[in-house]
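The values are calculated or read from the model by the stated rules, or taken from the named source; none is laboratory data. Since the model is a prediction, treat every value here as computed from it, not as a measurement. All Cβ positions, glycine included, derive from the backbone under ideal geometry; neighbour counts span all protein chains shown. For the accessible areas, the whole protein counts, side chains as well, though only heavy atoms, and no ligand, DNA or RNA atoms are used. Shrake-Rupley method; radii C 1.70, N 1.55, O 1.52, S 1.80 Å.
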Amino acid sequence: MSSTSKLGILLSGRGSNFLAIADSIANDQLKGCEIAVVISNKADAPGLAAAQERGLKAVAIEARGRKRAEHDEEIVATLRAHGVDLVCLAGYMRLLSPEFVQAFPQRILNIHPSLLPAFPGLDAQQQAFDYGVQVAGCTVHFVDEQLDHGVIVLQKTVTILEGDDAHALSERVLEQEHIAYSEAIARVVSGQYTIEGRRYIKR
Ligand code: GRF
């Protein structure tokens, strides 16, 4: 990786994780990184508007009516055109094609609002709450070709409180997501790790 790591953010919605990453870079907590481009599959995503307001390169690449491989090809080309070396999925609500994953091997991160491998997929916090877990949390992991499955870089836990509901739990998990994502990016761009099987090992 170059001395400044160029991040490409993919989002579909409000983009609070993107904003947390942007804030960490702006206040120098996350060093050696810049956001090269923010891409959304939804032109009306609030996160994309927020990126524009911050003067970042913001690109909408709509998926509607297109094959996944073709849509992903355009995204990969856009990431490459901006020199991206680490892709961060931040509430990006589409599965990636194998070609996309293979274009950035161990260079795509995702954040998921559960302690994987528990509760992959949608509504993870509701799933965890309904299951009756007493400890919930979030996971930042490398993306592989299976949903919410790649090597785990970092997890943070959140304790279920008396009188909790899924909404309150989601808010506390989100607070931890905002901390976890920048920490995980810092770990990856440092290069101070190896991966053995499924295990991320800090060097
Ligand atoms: C987060 O809970 C993230 O874990 C999940 O989607 C949500 C996105 O939130 N993948 P935001 O758009 O970053 O606010």
Could you name the lysines in cross-link range of residue 42, using Cα to Cα under 17 Å and dropping any fewer than eight places away on the same chain? 57, 67
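In debye to the nearest 20, how big a dipole does the chain give about its Cα centre with +1 on each Lys and Arg Cβ and -1 on each Asp and Glu Cβ?
For the chain, the charge dipole is close to 640 debye.
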Averaged per residue, what accessible surface does the chain expose to a 1.4 Å probe, in Å²? 50
Order the peptides 96-108, 13-25 from the highest to the lowest mean number of other Cβ atoms within 10 Å of their residues. 13-25, 96-108
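Kindly state, to the nearest 0.05, the FRET efficiency for residue 52 paired with residue 168, given R0 = 45 Å and r defined as their beta-carbon distance. All intermediate terms of the calculation are to be shown ahead of the outcome.
On the way: r = 32 Å, r/R0 = 0.71.
Using R0 = 45 Å, I get an efficiency of 0.90.
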I need to check one value: relative contact order of the stretch 110-203, counting alpha carbon pairs closer than 8 Å and at least 6 residues apart, in percent. 27
One would report the antiparallel percent of DSSP beta bridges in the chain, rounded to the nearest 5, as 45
How big is the charge dipole of the stretch 29-146 about its Cα centre, in debye rounded to the nearest 20, if each Lys and Arg gets +1 on its Cβ and each Asp and Glu gets -1 on its Cβ? 200
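Taking the Cβ-Cβ separation of residue 78 and residue 161 as r and a Förster radius of 30 Å, what is the calculated FRET efficiency to the nearest 0.05?
Between residue 78 and residue 161 the formula returns 0.10.
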So the carbon and sulfur contribution to the accessible area of the stretch 110-203, 1.4 Å probe, in percent, is 50
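In the stretch 21-74, what percent of the accessible surface is made up of carbon and sulfur (1.4 Å probe, ligands and nucleic acids excluded)?
44
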